[in-house]
Amino acid sequence: MKKYIEISDELLMRLGTGKAIEGSMKLDLMTRKLSFNAFNRASKMPGYVRPKDKILGLSNGGWLRASIERFKIFVSANRAIGEERCADELLAQAIELTEKLRKFKV
């Protein structure tokens with residue numbers, strides 16, 4: 001008994017160009033056909049451009065940014081000032097950027 005896999009024309013074109021397609025395959029028990037459900041990744045869509053992170057604040061050696069899903073804090077300090085002062089500087093920058101985030105209205 002031959003089994004056929006149902007896929008869309010768009011997926012068939014991608015397979016024809018040699019591209020890999022991620023997804024899941026299942027067997028429909030009623031029709032006894034295999035169906036393939038492709039994971040529609042936005043990055044695979046033609047013309048997709050990842051949105052840039054919005055800069056919310058800057059500090060001496062760091063920044064606070066907002067992406068679509070997350071807030072990101074980056075802090076840095078020069079090792080030449082010593083470990084103790086480095087730790088204090090990193091903490092002060094993180095607190096400063098966190099306060100900017102509290103004041104920011106989304």
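A short reminder: the numbers here are calculations on the coordinates, not readings from a lab. If you're wondering where the values come from, they're calculated on a predicted model, not measured in any experiment. No Cβ is skipped: glycine too gets one built from the backbone with ideal geometry, and neighbour counts run over all protein chains shown.
Observations on the model:
- Under-5 Å amide H pairs with L56, H placed in peptide plane, nonlocal only: L64, R65, A66
- Across segment 64-80, rounded Karplus estimates of 3J(HN,Hα) from the backbone phi angles (6.51 cos²θ - 1.76 cosθ + 1.60, θ = phi - 60°) give 10, 10, 10, 9, 5, 10, 9, 9, 10, 10, 10, 10, 8, 8, 6, 5, 5 Hz, Gly and Pro being marked x.
- Taking the C-alpha atoms only, the angle from helix 83-103 to the longest principal axis of the chain is near 70 degrees.
- Non-local lysine pairs in the chain, meaning eight or more places apart or on different chains, with alpha-carbon distances under 26 Å, amount to 23.
- When the Gaussian network model of the chain links Cα atoms closer than 10 Å, the mean-square fluctuations of D53, D28, D88 top out at D28.
- Longest site-free stretch - the chain; sites: GluC sites (Glu not before Pro), DSSP loop, at most 11 other Cβ within 10 Å: 23-68
- Proximal charge balance of I81 [Cβ under 14 Å; K/R count +1, D/E count -1]: -2
- For the chain, the square roots a ≥ b ≥ c of the C-alpha gyration tensor eigenvalues yield an a/c of 1.5 or more together with a/b exceeding b/c, which makes the shape prolate.
- Under 9 Å, Cβ to Cβ, from A66 - net charge with Lys/Arg +1 and Asp/Glu -1: +3
- Gaussian network model of the chain, springs between alpha carbon atoms under 10 Å - residue of A20, A66, A92 with greatest fluctuation: A20
- For segment 11-26, the Karplus equation 6.51 cos²θ - 1.76 cosθ + 1.60, evaluated at θ = phi - 60°, returns couplings of 5, 5, 5, 5, 5, x, 8, x, 7, 7, 10, 8, x, 10, 10, 9 Hz by residue, with Gly and Pro reported as x.
- Given their separation in residues at 0.36 nm each and the Cα-Cα distance between them, M25 and T98 gain 21.8 nm when the chain is fully extended.
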